Each structure stands twice: as C-alpha cells, then as structure tokens.
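Visitor: One structure, pasted below without further comment.
Bear in mind that the values in this text are calculations on the coordinates, not laboratory data. Given the structure is predicted, the values throughout are model-derived calculations rather than measurements. Positions of Cβ are generated from backbone atoms using ideal geometry, with glycine treated the same way; all protein chains shown enter the neighbour counts.
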Amino acid sequence: MPLVIHSSSTKPDTNVSLRAHLGAMVAPVDFAYTKEDEEFRHELSSWLDDNLPAFLAKHDAGIDDDDRQMAGERSQERRRAWQRLLAEGGWAAVHWPAEWGGRDATPTQRLIYTEVMAHYRTPGMFNANGIWQIGPMIIRWGSDEQKRRWIPSILHAEEHWCQGFSEPDAGNDLANLRTTAIRDGDDYVVNGQKIWISTAHLAKWGLFLLRTDPTAIARGAKHEGITAFIVDLETPGIERRPIRDIAGEEMFNEVFFTDARIPATSRLGEEGQGWIVAMGTLGHERVGIAGQVSILAADLDAMIQTARSVNPAVLDEPEIRERVARVYTQIQLAKLLGYRALSKVLKGEKNWPEVPFAKLQWSYLSQSLAELAVDMFGPLGALARGGPDAVDRGRWARLYSFQRYSTIAGGSTEVQKNIIADRAIQLPGMARLG
Ligand SMILES: Cc1cc2nc3c(=O)[nH]c(=O)nc-3n(C[C@H](O)[C@H](O)[C@H](O)COP(=O)(O)OP(=O)(O)OC[C@H]3O[C@@H](n4cnc5c(N)ncnc54)[C@H](O)[C@@H]3O)c2cc1C
C-alpha cells in the first residue's frame, strides 16, 4: 500500500526565509511497501507466532524486568537462547548478506523488522552490538580469515562482544581518544583507558578504537592515526572494572590497558582507517533509532494496560490523559520522521537532518514516557525491583532511572542540537563544527 504524506502546507506561506532554512525538512513521506516487503513482514510474523510463545513458556516470561537488565547472568542466558533460535530461523541478522547468514534486507525491510519485533515485544539479543554494528563492520572491512573466524560466532551467540570507543576525555569528542597501540614486531602494545564500555565484563571480544599515531592530536589532525582492532578481552594486561549505574546495575565498565600485546592480525582495516570504520559503526547505531520508536509505542500500550489494572482511576485524570495524548502524538510524529528518512534513503538522498532530529525526539520521548509510567501507577509505581508490591516487578521504576542515558549515549542532546543548528539550519553566529 503506498504511503504518501505531504508535510508541506497548502496555505500561502509568508515565513519564506525560515522555510528556506528548513527546506530539507519538508520532504514528504513517500514510499510504498513492495510485494516482497509484505511477504517479509508476513514471514517474520508467522515465524514469531510459531516460535515466540513456546520460547517464552520455556524461558519464563516473568523475568521481563531482568531481561532488560543486560548484565544479569540469567538475562544473558535467555538472550543467548533467543538469538540462537533467531539465527536458526534466519532472523538474527536480516541486514547481513545471505552468504553470512543474513537476508540482504533492504532499508524498508529493516524498518519492518524492528517494527514487528517491537510489536511482539521480543526478548533482547545476546550480541545486539555484534549484530547491528560490529558484524557489518567486519563484513565490510575484515579479511576473509577475520570474517570466517568471527562472523559465525557473532551470529550464533557463541561469544559475547562489546564496543570500546569512549575514554574519559573522548565521548562526544571521540576523535580525542588517546589509548595508544604501538607496533612492535607482529604485535601492537596497548596502553591507556576506556570507559562506559557496555557489558565488557561479559565479553570475550571487543571492537576497539586505538591511537596508532600518538602525534596526530598535537599535529591538529586528531581524526588521523586512529585504528580499529578486534581485542580479546582475556589478554594479559587488560583489566575490566564494572561501574555501578544509576539503576543499581553493573552494566558498563572501565577497561584499563597496561602493556597489553594484541596481534597485528586482529587489526580491522589499515592503520589510520579507524575513523572511517567507526563512522560506519555509529551510522548503524543511528539508523537503529528508527526502530526504537516502535519500542516506545509498545511500551505506551503496555503502560496503559498496567494502569488499567493497578490504578484505573488515574486514566480519568485530565492531566494524565493530556500527557498520554501528547506522548502518543509525539511517538507518531517520530515514526513519521523515520519514514521520511527512509523515503530519502530510498531515493538515494542523505537522510539529513532527520537522523539528528530523530535522535533528539527519541531521547526526549523515552524519558517522558518513563516519567509518565511512574506517575500513572501512583505510590506503587515508585517501588523498586525486588519489592513484592512493585508494579510489573519494578520494571517502570528502573526505566525511570535508566532512561537518563538516552540524552547522553549515541551523541548527547546538546551536541545534537549544535549539529542541527550548525549544519541543518545554519544559524548565524554558530562557531562552525569541525
Ligand atoms: C548507558 C550507556 C552505555 C554506553 N555504552 C558505551 C559502549 O558500549 N561503548 C562506548 O564506547 N561508549 C559507551 N557509552 C559512552 C557514550 O558514548 C558517551 O557517554 C557519550 O559519547 C558522551 O560522552 P561523555 O560521557 O564523555 O560526555 P561528554 O562528551 O564529556 O559530555 C559531557 C556534557 O558536556 C556536553 N558537551 C560536550 N561537548 C559539547 C559541545 N561541543 N557543546 C555543548 N555541550 C557539549 C554534553 O552534551 C554533556 O552534557 C555509553 C554511555 C551510556 C550512558
């Protein structure tokens, strides 16, 4: 069915100069699902109908709250089992080439995939990082030997992977990273520190960005001299220290390198190509946000169901009704933003500035949604996990704290706004970004 929504007004437009600035933003949502897309959706839904209920029955649907706690051991085992089942059905890595166990899914099918998975509220995957970001990078940049060694292991959830980019002084300003990898014979010797590395304490492997040219920053060329490596986290000289987060979980880590020797054969791409490899990786992360909106829509439905049973009177309160309506509307708008980005991609255009807009919208929405949940459930809504009276076993109270991350990770809100101001609407008086 063709989906065409023109967001430009038909009324006479007096605000011509603003419209000129926002020219790229009035592009229509304009794409049609093909017969293959509809078959893809149908095949995936049928597979989930056949497999998901049995999986949940076997793996205890009641641990939904733990499942969202990525670092929990039980959660990891459940995620591993789920990813293996998906891989057997050919549904773990749909965007990968068929030769590596994927389905060569088109951008439209990727969106359908995330929407359907969100609608069914499927469990998380064991190697989400590996499937969405690292696997495609190895397929793109790796040697045949590297692909044979690591791709099947990522796909079939044999070993866990993490992504090691951030450092204490290199977050938004990632190119400022200073952990060095200096060539010494057949090895590189690594020294320095990473931080905020999700699930590094559970991982066997990580895709790390390291500085092979330590003079680059002083030369004013910080994007140069960065190289991507696949690092075995059990290498002597590597120490992982979990950090307790605001939700009380130990999900991310500091990772220290002290004269750790890693083989040159684990380098991904050439020396100095790390920035290009990383941008590809983060690009996958950003595209993934379109699917996250579908998860928010499913969360809103689940919250309203829960409110009906634990605090039904709240649904008659005008203030709450208005907040529900507002969040619902904003979710629909965020969805349309995703569709607009897809329309552009399908026409071979850059999905700009929809991507930073979608990131901002998603960050804001995920926090407003978690706040709404806690407010809807009354005093019980604030009870934390573990308490017998906690609503949905404390899942929403946890989300309330955890969602603080959405305005930080993957490019913080302030920096996204800078990018939009500078590059999308070219506000006067902006210092140009590098
Ligand atoms: C839950 C979670 C999981 C994570 N997992 C990983 C992971 O697996 N691997 C990994 O490598 N990293 C991970 N990160 C790190 C994440 O990528 C960084 O937190 C993010 O890039 C921001 O960097 P920072 O924390 O150093 O903040 P900074 O960049 O130091 O920013 C601090 C504050 O200053 C503001 N600021 C910075 N620069 C500007 C500017 N130019 N103009 C205006 N304001 C500015 C920011 O908006 C922010 O408010 C994770 C983070 C979180 C929260």
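Visitor: Quick one: length gained pulling Leu315 to Asp232 fully straight, 0.36 nm per residue minus the C-alpha distance?
Guide: 24.7 nm
Visitor: Just grab the label-to-label distance for Glu371 and Glu250, each label 7 Å out from Cα along the Cβ direction, in nm (one decimal).
Guide: 3.2 nm
Visitor: Also, I was wondering about something else. Given contacts defined as C-alpha pairs under 8 Å and at least six residues apart, what's the relative contact order of the chain, whole-number percent?
Guide: 13 percent
Visitor: Could you give the dipole magnitude of the chain about its Cα centre, charging the beta-carbon of Lys and Arg +1 and that of Asp and Glu -1, in debye to the nearest 20?
Guide: 860 debye
Visitor: Continuing with the same structure: Which residues make up the longest stretch of the chain clear of GluC sites (Glu not before Pro) that lie in a DSSP loop with no more than 13 other Cβ atoms within 10 Å, not counting the sites?
Guide: 1-233
Visitor: Sticking with this one: Roughly how many nanometres apart are two label points built 7 Å out from the Cα toward the Cβ at Arg148 and Leu346?
Guide: Computed distance between label sites Arg148 and Leu346 equals 4.0 nm.
Visitor: Could you give the length gained on full extension between Glu73 and Tyr33, defined as 0.36 nm per residue of separation minus the Cα-Cα distance, in nm?
Guide: Length gained, Glu73 through Tyr33: 10.4 nm.
Visitor: Say R0 is 35 Å: what FRET efficiency, to the nearest 0.05, do Glu239 and Val415 get from their beta-carbon distance?
Guide: Computed FRET efficiency for Glu239 and Val415 comes out at 0.70.
Visitor: Sequence gap at least 6, Cα distance under 8 Å: using those rules, report the relative contact order of the range 161-272 to the nearest whole percent.
Guide: Across the range 161-272, relative contact order equals 31 percent.
Visitor: Hull surface divided by four, with the convex hull built on the Cα atoms of the chain: how many nm²?
Guide: 23.4 nm²
Visitor: Using just the C-alpha positions of the range 277-424 as equal point scatterers, what log10 of I(q)/I(0) does the Debye formula give at each q in 0.14, 0.15, 0.17 1/Å?
Guide: Results for the range 277-424 at q = 0.14, 0.15, 0.17 Å⁻¹ read -0.72, -0.80, -0.96.
Visitor: Next question. Amide H to amide H, which residues 5 or more places from Glu167 or on other chains are under 5 Å from it, using H placed in the peptide plane?
Guide: For Glu167, whose amide H was placed from the backbone, the distant partners under 5 Å are Ile195.
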